[in-house]
Every structure is written in C-alpha cells, then in structure tokens.
1. Would you confirm, using the coordinates I've provided, whether H251 is open to solvent by 40 Å² or more (accessible area, probe 1.4 Å) and in contact (Cβ under 8 Å) with a residue 40 or more places away in the chain?
2. Hey, among F12, F87, which residue is touching a helix residue (DSSP H, G or I) at 6+ places or on another chain (Cβ under 8 Å) and over 21 Å from Y227 (Cα atoms)?
3. Take the residues in the stretch 277-327 that are more than 14 Å from the ligand (Cβ to nearest atom) and of a type in the set (S, T, Y), then tell me which one is most open to solvent (accessible area, probe 1.4 Å).
4. Limited to the stretch 11-26, what total is found for residues that are within 17 Å of the chain's Cα centre (by Cα) and under 12 Å from Y336 (Cα atoms)?
5. If a residue must be open to solvent by less than 90 Å² (accessible area, probe 1.4 Å) and more than 26 Å from C147 (Cβ to Cβ), how many such residues does the stretch 184-222 contain?
6. If you scan the stretch 79-107, which residues turn out to be within 9 Å of the ligand (Cβ to nearest atom), open to solvent by less than 10 Å² (accessible area, probe 1.4 Å) and part of a strand (DSSP E or B)?
7. Quick check on the stretch 131-138. Is at least one of its residues small (G, A, S) and touching a helix residue (DSSP H, G or I) at 6+ places or on another chain (Cβ under 9 Å)?
8. Would you say N166 is away from the ligand (no atom under 16 Å from the Cβ) and farther than 20 Å from T272 by Cβ?
Amino acid sequence: MRLRHCSNVDDFRTLARRRLPGPIFHYIDGAADDEVTYRRNTEAYERCDLVPNVLTGVETIDMATTVMGQRLAMPLFCSPTALQRLFHHDGERAVAKAAEKFGTMFGVSSLGTVSVEEIGAAIATPKMFQLYFHKDRGLTNNMIERCLAANFDVMALTVDTITGGNRERDLRTGFTSPPQLTPASVISFALHPAWTLNYFAREPFSLPQLKTHVKEGTNVAISVGEYFSSLLDQSMNWRDAEQVGVKWGKHFCLKGIMSVADARRAVDIGATGIMVSNHGGRQLDGSRSPFDQLAEIVDAVGDKIDVICDGGIRRGTHVLKALSLGAKACSGGRFYLYALAAAGQPGVEKALGNMRSEIERDMKLMGCRSLAELSRENLRFR
Ligand SMILES: Cc1cc2nc3c(=O)[nH]c(=O)nc-3n(C[C@H](O)[C@H](O)[C@H](O)COP(=O)(O)O)c2cc1C
C-alpha cells in the first residue's frame, strides 16, 4: 500500500500501522475501556440514511462555512491532538501547512510538540489553540498569553479530561511521552528503523507549550493518564471556564460538551462555540456518540452558539449528515493522524483532499449547491 493508493481512512490506518512502532500506533488508534464509544462514534452515522434530491443544477457547489467567526473553505477541520512529532518528525508543522492549503482550521494542543509561536508565524489560515486547565495557574495563563501574542483565532477549553480515561492499550504497551526504552519498545523500534532513525536523529522531543513551567514538558517520560491526573486541576468549574473565556477575549469554545444542560451553560458563560465530543471515545467509555446527541443540542442552542460535531468522521457523507442535523462544521482527529503517520504533510493533504472530494461529490449527489440547502428533510433514521 502506497500513499497514492490511500482512498479512505482505513487505508491510511493500514499504512500508519506499518510505519509506526506498536505503542505509538496504539496510542492513536486506541480508546477507553472496551472502546464501545469509539466504535459507536462512527456507527452512529450508519443508523441514518440520506435522502437525495435531483435535477438541481449542481455544476458548481459551495462547501464554505463560517464557524466561530472563521471562514473555512470546507466544513471539516483538524481537531487538536497531542504529541504529533511522535507520529511523524514534521508533526504539527505538517498538519498546519496541509490545513492551510485546504483553507481549513488547525487545532494545536496544549500537548503540542511545535510551539504556538512557530505555528502562528507559519500559517495564515484560522488557528485554534486547545487549552488544558492546569493546577499551575501560571502555566494556564501563560498559554493564553502566548496564544494571544501568536495571533491564534479561537481558544478551545477541553472539559472532558478531568481525569485520565482508562486506555488499556496504552497500559498494555507501556506508552509514555516521550517513549521509554524498555525491552518491548526497543524491539518495536528496531522493527521500524525509518521511524526510529528520524525520532533519534532529528530535533529532540519536547512539549514547548509546557516546558517553561513544568519538568514534564522536557524529556521526563509520563503517561498521558498521569499527565491528566497529576497536572490538570480537577476542581475546574463553570466560573473557571468563564474566566478563561474573559481572559482570552476572542472566540471561545468548550470542547467535550455532551448534554443539553451544559450546552446552555456554555451559552451563558459567553462561549461562541461548543464541540460536541467524547474525545474520540478516549475518556468515558459508554458515553453517547456526538452524532446521536447533536439534534437535541442544536434544538436547544443552535441559534445562539456554533455547534461542531467532533469525532467518528470517516466519510464525506458523515459530514453531510451532521450538517443536515444543524452542525456548523465537523472536526476529527484520527482521519488526519493516520495520514500524518503514514506520510507527513503529503499524507495529511491527501486525507483532506479525499474528504473534500467526497464532500463535493456527495453534495452533488444530494442535489445541494450550498451547505445551507442541507436540512433534516434530507435524513431518515432507521
Ligand atoms: C492521538 C490523539 C491525541 C489527542 N490529543 C488531544 C489533545 O491533546 N487535546 C484534546 O482536546 N483532544 C485530543 N484528542 C481528541 C481529538 O481532539 C478529537 O476529539 C478526537 O480525535 C475525535 O475523534 P476521531 O479521532 O474519531 O475523529 C486526541 C485524539 C487522538 C486520537
């Protein structure tokens, strides 16, 4: 399998699996407990069918959308994800450049491996920063100030990681950031010499958003679960979220909202967006899928706040289904992470290109010239 043969997310996943040492592949691919929610996030789209219209003259279509004040050339953007230089040596640089080419938004994680200053200077398209709320308020405030200085457009406060999810694949493989040398991981590195050479020969691993404040930002190996449980503030509440939004002062979004009550409170504290998300099934297994929760959230707050459907997206039709229910845009992680691991920036460009072609083709087949023409009339649930 080569990059040019990758027609869908599963193809990229196959290539990523071949290129990455096992613990790193499973960190991307895995989820919490029995991974029921992870599977359901995609399966949910299959319980609902599209009903097309025809003869509408679809020679040109417009898939642009505006979300949290950002005009996106396509209605799917790259969710913030951690540790990208572990997946490919270009990491966030590759994803940022690919997102820019497709005119879509890129989210940089608090656990990003390239600095917000570098990403801010590298791309002109909309940028989101994903904030974790640390016990060390100096660190949290420093991240906000750095993102303001680096001209980020949107701040997303992640609210679904109050403690670490039970990611059993990571427990089994002993995955830490950065990876530790154990007998099992050494074998896995030896079996993936190209990855290993790049990892050890290039710029040393670090977490530039953290390293000014905590030793975990340098080369101290820590599991992601330990990071959530020991560095993040479990007392975080609505007042804290509101204060983050005020300090930020620009478009502000809560990432990981699942209930209608919380969606209403997000409106009350002045957020301009919510990402309906269960963190790609990586936190609370057994929680409902974003797509299944979407209609009731859109009905409650869709006229007051931009609703984004995050996770489980594997096809253009999934995006069209979420937009038909009233989401302003969709976002996802693994669909571009497998591609990053498979082939760096050209990989992410191919993944975004595949999605854009699918969305365009599917809009034409649906008889839709613009996203505004999608509605619940187009959908039937089984
Ligand atoms: C490898 C990986 C790392 C992630 N890191 C973060 C992170 O640092 N912060 C965050 O808010 N969400 C993170 N997420 C969750 C994504 O932002 C997004 O919610 C999720 O990937 C959506 O599900 P999908 O992968 O099925 O598209 C991560 C997801 C993956 C797969």
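The values are calculated or read from the model by the stated rules, or taken from the named source; none is laboratory data. None of the values given here were measured: they were computed from a predicted structure. With ideal geometry, Cβ positions are generated from the backbone for all residues, glycine too; neighbour counts draw on all protein chains shown. Side chains included, ligands, DNA and RNA excluded: accessible areas come from the protein's heavy atoms. Shrake-Rupley method; radii C 1.70, N 1.55, O 1.52, S 1.80 Å.
1. Details: open to solvent by 40 Å² or more (accessible area, probe 1.4 Å): yes; in contact (Cβ under 8 Å) with a residue 40 or more places away in the chain: yes.
Criteria met by H251.
2. Exactly one of F12, F87 is touching a helix residue (DSSP H, G or I) at 6+ places or on another chain (Cβ under 8 Å) and over 21 Å from Y227 (Cα atoms), namely F12.
3. Looking at the filtered set, the residue picked out is T317.
4. 2
5. Within the stretch 184-222, residues that are open to solvent by less than 90 Å² (accessible area, probe 1.4 Å) and more than 26 Å from C147 (Cβ to Cβ) number 15.
6. Result: S79, G107.
7. Residues of the stretch 131-138 that are small (G, A, S), as a first pass: 138.
Right, trim to touching a helix residue (DSSP H, G or I) at 6+ places or on another chain (Cβ under 9 Å) and you get none.
No: zero hits.
8. So N166 does not fit the description; no.
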